[in-house]
């Protein structure tokens, strides 16, 4: 194996830094795969786990309950509903990760329809390139060719509509500019129109419109134009379908609000949460549901939702998640996130200085830099060249750890990141681009 391609062995973390077995320090440029919110070894989160460990680490949640889970459910609902108008979300189902949260959500929708006399509603629609996890149901909702092509025979049928991706949209007549493509697009919002039409055609067979609101993460940090989520969710409501939102990556302040859906005034019947739920400390997920869906499971035994996990509502995970929610709502921490997003926006302008940068897009503390072979035509590099991977490998030499999605380079710093650390992250990525891509 080429020594440069060997995994870095991480032995410690401290704030926004990761430390390897040789003592080298790296800035955690993607928050440990989009999970770590507040930095590593945060005193409040560490203390919450230690306090819970003094009571119990885990017990079954089947037919039982415990204080940590009950309190987290109440606090989580208060957090996502705060300042919103009649979201209707008032039930919580705990699981282990984003994929299982989505799996539970789609099963809730299908079963609740069947138990209320609409068992014909079994169709799902989502944008091309959607990614919702790697379990069979979650793969069926997303069907990413990159991740799931070998498993197609295992998946159930679902429908696709065009990706709302302004930079690479065939309907966008605008020529490339030095700006986020969403800001200068010239189109008739065909992406929303096509989704609305497909939803209307499916009609009473549609179980749910499934969406990663505002950002499709694994698709390449595809950031949607404002208004897309609102229009498509309203279209689903018109035909009596449910709205299933995947906020596994985008929740907990990542795009500036508790949920990305809040920015568009969108409500959902089911919302899947994971990744940052525990502050990046332990595997924990939650599927939030409306009372209407919950009530569909009342009645005889056969109405039971037979879906569970051994580590559901793990006490340690619930305890640290409560501590994370408290930090998220601390005014000083909220200000810190605002400043982080502002600084990231300002520093991101530096990427445009390189001629092979085609698009720079940002939502909150998420930044995506798309590199191209030709800025004027948006022509991509050949996929086999793996330019994005090479750049991120080189970034290690400049003290930065991050991972690309194809040729989309990502910075998603922990909220603990100082202005100086953020500048180091941006500088490290810029130097890696310059080293790997000749002007």
Quiz item: Tell me, which residue of the stretch 29-46 that is at positive phi and outside any helix (DSSP H, G or I) is nearest to the chain's Cα centre (by Cα)?
Solution: 39
Quiz prompt | Scope the stretch 111-121; condition closer than 18 Å to residue 291 by Cβ and either in a helix (DSSP H, G or I) or outside the structural domain of residue 268 (by TED's automatic domain parsing) (or both); matching residues | solution = 111, 112, 113
Quiz prompt | Matching entry among 139, 108, 102 (being assigned by TED's automatic domain parsing to the domain that holds residue 260, surrounded by 21 or more Cβ atoms within 10 Å (Cβ to Cβ), free of Cβ contacts under 8 Å to residues at least 24 places away in the same chain and not in a loop (DSSP other than H, G, I, E, B)) | solution = 139
Practice problem: From (1) part of a helix (DSSP H, G or I); (2) closer than 26 Å to residue 318 by Cα; (3) at pLDDT below 95, pick out the condition that doesn't hold for residue 49. | Solution: (3)
Quiz item: Taking into account only those residues within the stretch 354-376 that are out of contact with any helix residue (DSSP H, G or I) (no Cβ under 8 Å at 6 or more places or on another chain) and touching a residue at least 24 places away in the same chain (Cβ under 8 Å), which is surrounded by the fewest Cβ atoms within 10 Å (Cβ to Cβ)?
Solution: 376
Quiz prompt | Among residues of the stretch 281-295, those that are over 17 Å from residue 312 (Cα atoms) and either under 13 Å from the mean Cα position of the chain (by Cα) or in a strand (DSSP E or B) (or both), counted | solution = 1
Quiz prompt | Unmet requirement for residue 255, which otherwise passes all of (1) under 23 Å from residue 222 (Cβ atoms); (2) surrounded by 24 or more Cβ atoms within 10 Å (Cβ to Cβ); (3) more than 13 Å from the chain's Cα centre (by Cα) | solution = (3)
Quiz item: Just to be sure, is residue 49 more than 22 Å from residue 254 (Cβ to Cβ), touching a residue at least 24 places away in the same chain (Cβ under 8 Å) and touching a strand residue (DSSP E or B) at 6+ places or on another chain (Cβ under 6 Å)?
Solution: no
Exercise. Among what's in the stretch 173-188 and is within 24 Å of the chain's Cα centre (by Cα) and assigned to a loop (DSSP other than H, G, I, E, B), pick the residue that is surrounded by the fewest Cβ atoms within 10 Å (Cβ to Cβ).
Key: 179
Exercise. Only residues that are surrounded by 13 or more Cβ atoms within 10 Å (Cβ to Cβ) and in a helix (DSSP H, G or I): list them for the stretch 329-338, please.
Key: 333, 334, 336, 337, 338
Exercise. Go over the candidates 241, 236, 208, 200 one by one and state the one that is over 24 Å from residue 328 (Cα atoms), surrounded by fewer than 24 Cβ atoms within 10 Å (Cβ to Cβ) and in contact (Cβ under 8 Å) with a residue 12 or more places away in the chain.
Key: 200
Self-check item: the stretch 378-410, residues that are surrounded by fewer than 22 Cβ atoms within 10 Å (Cβ to Cβ) and without any contact (Cβ under 8 Å) to a residue 40 or more places away in the chain
Solution: 379, 380, 381, 382, 383, 384, 385, 386, 389, 397, 398
Quiz prompt | Residue check for residue 310: surrounded by fewer than 17 Cβ atoms within 10 Å (Cβ to Cβ) and either out of contact with any helix residue (DSSP H, G or I) (no Cβ under 8 Å at 6 or more places or on another chain) or under 27 Å from residue 273 (Cα atoms) (or both) | solution = yes
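The values are calculated or read from the model by the stated rules, or taken from the named source; none is laboratory data. Predicted, not measured: the structure shown is a model, and the values here were computed from it. Here Cβ is always computed from backbone atoms with ideal geometry, including for glycine, and neighbour counts include all displayed protein chains.
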